[in-house]
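Below is one structure; the comments refer to it alone.
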Amino acid sequence: MPEEREIKIPVGMDFVLPDLGGVVEGIRAVDRGRVELSATYWDTDELTLLHAKLGLRHRSAPGEQGKWTLKAGDRMVGDAVSREETDFPGSPDQPPEAAVEVIRKAVGDVALHPVAQLVTDRHSVDLIAGDTRWAEVADDRVSVRSGDATVESFGEVEVELFEADEALIDAVMARLRAAGIGEPDSTPKYVRALRALGHQIPNGQLSERVSQPAHWSEERAAARLTRAALPSVGTPPPRPHPPGWQPPSDVAPGRAS
């Protein structure tokens, strides 16, 4: 299954993403601009999925149908969070049966309904070497919604790791720290949203930290332990690019995110 690896860092609402050009020799920074992402997270009244280290959301950008994403497990490797994730097509009104079947195998039959709605203003920058995306740095301003009202807003930077090696990770983090970010915090957005909506979510949702660097190979990924929660579907498809993504004119499409 596709694997998501990212470093999450809380930032102030006035944080400005620094210029990431030349952060490492041979890496180019390609600014992708801004996009608004609307996400609805589904769970039970008892937050059964959350406690089982599963997450289910539908997310879309303006003018796009969007997609469902099921995330399984979470494990810290250095400062990075590793999760297995699978995307499913389907209407935003009801989770697709393929995703529900995976959930059923993990936790049994449960009554799912929307538990949190987030609107994220995302400014993203791709870090590219040759024809490959090594990392994406996303500067997010997140609004937690209850109906038409905004309950809470917060800022977060995500550094999503594709082919990034330790030198690039260290250089990016150093550039971000010089711009004023704090320490990484692996708390998922939807957990922060649930707390804002009044749910009592204890700390310690993530699995124990392991010692491998954040750029470990797929064969060594500790997150393989979580794959039992997801169905075997053969060779995993490439992860889709984010909404509105287009390769720069002088670069062929690289690894999808």
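The values are calculated or read from the model by the stated rules, or taken from the named source; none is laboratory data. Keep in mind that what you see is a predicted model, and the values were worked out from it rather than measured. Note that each Cβ is placed from the backbone with ideal geometry, even for glycine, and that neighbours are counted across all protein chains shown.
Worth a mention:
- Qualifying positions in segment 91-139 - farther than 16 Å from residue 49 by Cα and basic (Lys, Arg): 122, 133
- Top-ranked residue of segment 20-44 - restricted to ones that are assigned to a loop (DSSP other than H, G, I, E, B) and in contact (Cβ under 8 Å) with a residue 12 or more places away in the chain, ranked as nearest to residue 93 (Cα to Cα): 44
- Figure legend. Inter-residue proximity from segment 1-17: first residues in a strand (DSSP E or B), second residues of a type in the set (Ser, Thr, Tyr) and at pLDDT below 95, beta-carbon distance below 7 Å, spacing 6+ or different chains. Indicated pairs: 3/82; 5/82; 8/186.
- Where residue 133 falls short, out of the listed (1) basic (Lys, Arg); (2) free of Cβ contacts under 8 Å to residues at least 12 places away in the same chain; (3) surrounded by 21 or more Cβ atoms within 10 Å (Cβ to Cβ): (2)
- Number of the exception - residue 18 against (1) at pLDDT 95 or above; (2) touching a Ser or Thr at 6+ places or on another chain (Cβ under 7 Å); (3) closer than 25 Å to residue 128 by Cα: (2)
- Residue within segment 178-193 that is of a type in the set (Phe, Trp, Tyr), surrounded by fewer than 19 Cβ atoms within 10 Å (Cβ to Cβ) and either closer than 20 Å to residue 60 by Cα or at pLDDT below 95 (or both) present: no
- Some residue of segment 103-119 being surrounded by 18 or more Cβ atoms within 10 Å (Cβ to Cβ) and under 25 Å from residue 181 (Cβ atoms): yes
- The combined condition, being among the aliphatic types (A, V, I, L, M), modelled with pLDDT of 95 or more, out of contact with any His (no Cβ under 8 Å at 6 or more places or on another chain) and within 17 Å of residue 161 (Cα to Cα), is fulfilled by residue 30.
- For residue 145, the criteria (1) touching a strand residue (DSSP E or B) at 6+ places or on another chain (Cβ under 6 Å); (2) at positive phi hold in every case but one, which is (2).
- Annotation: residue 201 fulfils all but one of (1) under 18 Å from the mean Cα position of the chain (by Cα); (2) assigned to a loop (DSSP other than H, G, I, E, B); (3) surrounded by 14 or more Cβ atoms within 10 Å (Cβ to Cβ); the unmet one is (1).
- Subset of segment 51-108 [over 19 Å from residue 2 (Cβ atoms), modelled with pLDDT under 95 and among the polar types (S, T, N, Q)]: 65, 91
- Scanning segment 74-90 for residues that are acidic (Asp, Glu) and under 17 Å from residue 50 (Cβ atoms) yields 74, 84, 85.
- Unique match (being assigned to a loop (DSSP other than H, G, I, E, B) and in contact (Cβ under 8 Å) with a residue 24 or more places away in the chain) among 101, 64: 64
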